[in-house]
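Structure first, then comments.
The values are calculated or read from the model by the stated rules, or taken from the named source; none is laboratory data. Note that this is a predicted model, so its numbers are computed, not measured. Because the Cβ atoms are built from the backbone with ideal geometry, glycine has one as well, and the counts that use them run over all protein chains shown. We work out accessible area using only protein heavy atoms, side chains counted, and drop any ligands, DNA or RNA first. Shrake-Rupley method; radii C 1.70, N 1.55, O 1.52, S 1.80 Å.
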Amino acid sequence: MTSPDMVLVGSYNYLLVALSVLIAILASYAALDLAGRVTSAQGKARLLWLNGGAMAMGFGIWSMHYIGMLAFRLPIPVQYDWPTVLLSLVAAIVASGIALFVVSRHKMGVIRAVLGSVFMGNGIAIMHYTGMAAMRLAAMCSYSATLVTLSVILAIVISFVALWLTFYSREETTAWSWRKICCALVMGAAIPVMHYTGMAAASFTSSPSVHGNRSHAISVSSLSVAGVTVVTLTVLGIVLLTSLADRWFSLQALELQLKDEFLSHVSHELRSPLSAIYQFASILVDGIPGELRPEQSEYVRIILRNVRQLESMIADLLEVTRIRVGKLNIEPQRVSLSDAITDTLNMFEGSLAAKEIALFASIPGDLPLAYVDPSRVRQVLINLLSNAIKFTAKGGKIKLQTRIFEKDPSLLVVEIADTGRGIRPEVSNLIFERLYQVTDPGEAGRKGLGLGLYISKELVTRQGGSIWVTSEPQKGSSFFFTVPLFSLASLISPILTNEVKPGDAIAVMLVEMDSQDGWPSPDARIEMSNVARTLLQLCLLPDLDVALPKMNSGDAQELFFVVARTNKHGAEVMSRRVREQFRRCERLQIAGLTFTVSYSFLSPMSRSVSEPMGEFAGHVAAEVQEHINTMIEARRVLT
Amino acid sequence: MSNKTILIVDDDPDVRLGLQVRLKANHYNTIFASDGMASIAEARKHMPDLIILDLGLPAGDGFSVMERLKANDSLALIPVIVVSARDRSANRERALKAGAKAFLQKPVDNAKLLAVIRKALGEKDLAPHVVHDLGEV
């Protein structure tokens, strides 16, 4: 029994002290690891790592501190006020958050490090003394000012060292290293130094009359010590494992990126010598240095043919790199699929004749327009047709058909059927995978890179279609791919479903681009048209306006249409914005281009409650189309 | 018969020779430079009628060469055709913006190259079907 007003002599449970040091080291290690993750993460992931990291680290520091407090035994029972305990946890988390934020910046000067450590050190001190204030015991607690000051200074100094160490070892790419472990040991040992100095600063004088507010006080049993320890170790363990996994995945991503960069670099470098081979072989074939004998000429032609093959392989490799890094450029337009097909078929006349393959193409004249990037569709057609020719024996047949897709009338389907060797059913999906090759090309000769179908699949799916094959071994294969039909309704429906302000109507804006002194070249015309389109996009409000693709094929590169959901005032503002934007563009001025902007409103229409959205969009689209036709017609009459 | 002079700028001697042989056969005079700096010096000295320009060059790449040509009043009007091994999709737009008349990817098709040259020099075209295709060059 203790007598009143006696200084209480505390003692330490060294097992718990050791446990607290261990937790401190582990928390430090987690902190070092987290700093690296926060640094390498971007955007949302960064915020997630910062928050999660601050919580785990704060929890670790706090738990070290609490186990340290519990290691301190007084001869009288001690209880803890849990709201205050929670408050001290918050202080630890905030301090850790600040620390992680500071060390994860790209630069950390002395001033920033000092500021960071002042915040972090004070945060730890606040946590510590708030924790002490949570103690409820029949004793007066007094502090030695010198030791308190010392503990705060220690907290700041230790924080500084910790920040500095963390900042300079965070870039370690491996999950663990001796350097990191040493840092963790130093930091982990230093944090308890601050803590136990703070503990030494307090002396307790027994005073049975003092109880403090015990309404929220709880006593701490050895079971709860074990609980805190287990929870802490689990939290830190999870953090370290997550960090390990994250590191592993980001390393993989980096490797992939390096591989793609390497691929891209190699492909470029290959082109230069290839270019020289092509040049000189073609110089020989063309007889510039003197006529070749027929046999010689034939051999040089073989060289040229192989150069072309290599060239297309390099192009494929580059295309795959673009797909992988997400730089594949697809610009859908309102185009005639039949035109794209006819263009492509013309390219194959020679190779079809060489193998005496008969090609039957059936393309209905009234095929609706598609909404695709024509050059990308041509690429797919070229891939499929060259495969068909490659795998069809001499004298075989190839059939090409196109029609509205039976299973989904919003798509067009193209079918290319050959009389080749066919594809075994078990590989009919595999052939669209990257680097898949037929194991036995047979008569077809060379294997090639096996990228053509993979590229085709990417091109088709990115335009909203799909690609597949059906086949009968020894009889032939049919490749199918679908492309979306052009639908004005689906293009403009986003602005129709949008919340409508009273008085809003559908406006059609027309921007006409004219060249005063004629177009210098077709290239210049395409280029200026692209510039104008980009400018126009800048003026539009997402969800309210939509720029239509080229609305009539052929010569009207310089007509741009915008459909907008707006009122008279809004349309006025928009056309002013467009005029201003075009007026300010130097490149268009230099090219001597003039612009006229006009707009008109469709007859007012509103959707009745019973009308389905699709039907409504269809009606609006029909009216927009009619409007545009009138505008184009009016323009034709003028010129 | 054309007696126009074309400056070939490429750091690869084989490519230079190949182009020279091809252009000579089509009655063009050729002069050479193998880097960015030299190309400007040669252009100043000889005032060529046209420049065939590679993009990846030592001592100032093709883009900076075009920039410097543009900045010089007497050189600004010389038409430039870019012939490069670099990726078409990433560089064509940029080259045209920088002032090139056309972007051709190596290995460049001879018929296309000659058509582009004739067009840039304002000469009468001998192969109209090729020119029709220039938008795709």
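Please determine, by comparing only the residues of segment A:305-322 that are of a type in the set (A, V, I, L, M, F, W, C) and within 24 Å of A:Ser351 (Cα to Cα), which one is nearest to the other protein chains (Cβ to nearest Cβ). Outline the logic, then answer.
First pass over segment A:305-322, keeping only residues of a type in the set (A, V, I, L, M, F, W, C): A:307, A:310, A:313-315, A:317-318, A:320.
Within this subset, residues satisfying the condition of being within 24 Å of A:Ser351 (Cα to Cα) are A:307, A:310, A:313-315, A:317.
Values: A:Val307: 7, A:Leu310: 9, A:Met313: 13, A:Ile314: 9, A:Ala315: 9, A:Leu317: 11 Å.
This residue is A:Val307.
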Inspect segment B:19-33 for any residue being within 12 Å of chain A (Cβ to nearest Cβ), at pLDDT below 90, closer than 19 Å to A:Ser272 by Cβ and not in a loop (DSSP other than H, G, I, E, B) and give the result as yes or no.
no
Residue set A:Leu270, A:Leu284; condition buried (at least 16 other Cβ atoms within 10 Å of the Cβ), at pLDDT 80 or above and either within 24 Å of A:Thr321 (Cα to Cα) or within 8 Å of chain B (Cβ to nearest Cβ) (or both); output residue A:Leu270
Just a yes or no: is a residue in segment A:19-35 surrounded by 15 or more Cβ atoms within 10 Å (Cβ to Cβ) and part of a loop (DSSP other than H, G, I, E, B)?
no
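Filtering segment A:566-600 down to residues that are of a type in the set (Val, Ile, Thr) and free of Cβ contacts under 8 Å to residues at least 60 places away in the same chain, which residue is least open to solvent (accessible area, probe 1.4 Å)? Spell out how you get there, then give the answer.
Start the filter on segment A:566-600 by keeping residues that are of a type in the set (Val, Ile, Thr), which leaves A:566, A:573, A:578, A:590, A:594, A:596-597.
Subsequent filtering for residues that are free of Cβ contacts under 8 Å to residues at least 60 places away in the same chain retains A:573, A:590.
Details: A:Val573: 46, A:Ile590: 135 Å².
Top of the filtered list is A:Val573.
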Unique match (being surrounded by fewer than 21 Cβ atoms within 10 Å (Cβ to Cβ), of a type outside the set (A, V, I, L, M, F, W, C), modelled with pLDDT under 90 and over 20 Å from A:Ala315 (Cβ atoms)) among A:Arg446, A:Arg424, A:Arg434
A:Arg424
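Where in segment A:323-398 are the helices (runs of 4 or more DSSP H), entirely inside, with at least 3 residues that are more than 14 Å from every other protein chain (Cβ to nearest Cβ) and within 30 Å of A:Ser264 (Cα to Cα)? Outline the logic, then answer.
Numbers: elements: A:337-347, A:349-354, A:374-391.
It comes to A:374-391.
State which residue is farthest from the other protein chains (Cβ to nearest Cβ) when the search covers only segment A:254-267 and only residues that are of a type outside the set (A, V, I, L, M) and open to solvent by 70 Å² or more (accessible area, probe 1.4 Å).
Taking segment A:254-267 and keeping what is of a type outside the set (A, V, I, L, M), we get A:255, A:257, A:259-262, A:264-265, A:267.
Filter again for open to solvent by 70 Å² or more (accessible area, probe 1.4 Å), leaving A:255, A:257, A:259, A:261-262, A:265.
Values: A:Glu255: 22, A:Gln257: 17, A:Lys259: 17, A:Glu261: 13, A:Phe262: 15, A:His265: 11 Å.
Only one residue fits best here, namely A:Glu255.
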Which of the residues belonging to segment A:513-551 are modelled with pLDDT of 70 or more, surrounded by 15 or more Cβ atoms within 10 Å (Cβ to Cβ) and of a type in the set (Asp, Glu)?
A:Glu527, A:Asp545
Counting only residues in segment B:1-18 that are open to solvent by 40 Å² or more (accessible area, probe 1.4 Å) and over 15 Å from the mean Cα position of the chain (by Cα), the one nearest to the other protein chains (Cβ to nearest Cβ) is identified as B:Asp14
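Taking the condition of being open to solvent by less than 80 Å² (accessible area, probe 1.4 Å) and either farther than 22 Å from A:Ala41 by Cα or at pLDDT 80 or above (or both), how many residues in segment A:151-182 meet it? Outline the logic, then answer.
Of segment A:151-182, the ones open to solvent by less than 80 Å² (accessible area, probe 1.4 Å) are A:151-152, A:154-163, A:165-167, A:169-170, A:172, A:174-175, A:177, A:180-182.
Within this subset, residues satisfying the condition of being either farther than 22 Å from A:Ala41 by Cα or at pLDDT 80 or above (or both) are A:151-152, A:154-161, A:181-182.
Residues in segment A:151-182 being open to solvent by less than 80 Å² (accessible area, probe 1.4 Å) and either farther than 22 Å from A:Ala41 by Cα or at pLDDT 80 or above (or both): 12 in total.
Test of understanding: among B:Ser84, B:Ser74, which residue is among the hydroxyl-bearing types (Ser, Thr, Tyr) and within 29 Å of A:Glu319 (Cβ to Cβ)? Break it down into steps so the answer makes sense when it comes.
Working: B:Ser74 fails: within 29 Å of A:Glu319 (Cβ to Cβ).
Of the residues listed, the single one that is among the hydroxyl-bearing types (Ser, Thr, Tyr) and within 29 Å of A:Glu319 (Cβ to Cβ) is B:Ser84.
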Test A:Leu318 against the stated conditions and say whether it is outside any helix (DSSP H, G or I) and either at pLDDT 90 or above or in contact with an Asp or Glu (Cβ under 8 Å, 6 or more places away or on another chain) (or both).
no
Looking at segment B:113-137 only, could you name the residues that are modelled with pLDDT of 85 or more and either open to solvent by less than 20 Å² (accessible area, probe 1.4 Å) or within 12 Å of another protein chain (Cβ to nearest Cβ) (or both)?
B:Leu113, B:Leu114, B:Ala115, B:Val116, B:Ile117, B:Lys119, B:Ala120
Would you check if B:Ala59 is within 13 Å of another protein chain (Cβ to nearest Cβ), surrounded by fewer than 18 Cβ atoms within 10 Å (Cβ to Cβ) and either in contact (Cβ under 8 Å) with a residue 12 or more places away in the chain or more than 18 Å from A:Ser275 (Cα to Cα) (or both)?
no
List the number of the failed condition for A:Ser338; all other conditions in (1) closer than 27 Å to A:Leu318 by Cα; (2) in contact with a Leu (Cβ under 8 Å, 6 or more places away or on another chain); (3) touching a residue at least 60 places away in the same chain (Cβ under 8 Å) hold.
(1)
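Test A:Pro289 against the stated conditions and say whether it is within 13 Å of chain B (Cβ to nearest Cβ), at pLDDT 80 or above and surrounded by fewer than 12 Cβ atoms within 10 Å (Cβ to Cβ). Quick ask: steps written out before the conclusion?
Working: within 13 Å of chain B (Cβ to nearest Cβ): yes; at pLDDT 80 or above: yes; surrounded by fewer than 12 Cβ atoms within 10 Å (Cβ to Cβ): yes.
In short, yes.
Quick one: in segment B:75-86, of everything that is within 15 Å of B:Leu50 (Cβ to Cβ) and part of a loop (DSSP other than H, G, I, E, B), which residue is farthest from the other protein chains (Cβ to nearest Cβ)? Spell out how you get there, then give the answer.
Of segment B:75-86, the ones within 15 Å of B:Leu50 (Cβ to Cβ) are B:75-83.
Those left that are additionally part of a loop (DSSP other than H, G, I, E, B): B:75-79.
On the way: B:Leu75: 18, B:Ala76: 12, B:Leu77: 13, B:Ile78: 16, B:Pro79: 11 Å.
Checking each candidate, the answer is B:Leu75.
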The residue that is nearest to A:Cys141 (Cα to Cα), considering only those in segment A:85-102 that are among the β-branched types (Val, Ile, Thr) and surrounded by fewer than 19 Cβ atoms within 10 Å (Cβ to Cβ), is A:Val90
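Do we find that B:Leu50 is closer than 18 Å to B:Arg94 by Cβ, more than 10 Å from chain A (Cβ to nearest Cβ) and modelled with pLDDT of 90 or more in this structure? I'd like the intermediate steps shown before the answer.
Values: closer than 18 Å to B:Arg94 by Cβ: no; more than 10 Å from chain A (Cβ to nearest Cβ): yes; modelled with pLDDT of 90 or more: yes.
Taking the combined requirement at face value, the residue does not satisfy it.
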Can you name the residue in segment B:87-110 that is over 22 Å from A:Gly326 (Cβ atoms) and more than 10 Å from chain A (Cβ to nearest Cβ) and is also surrounded by the fewest Cβ atoms within 10 Å (Cβ to Cβ) among such residues?
B:Gly99
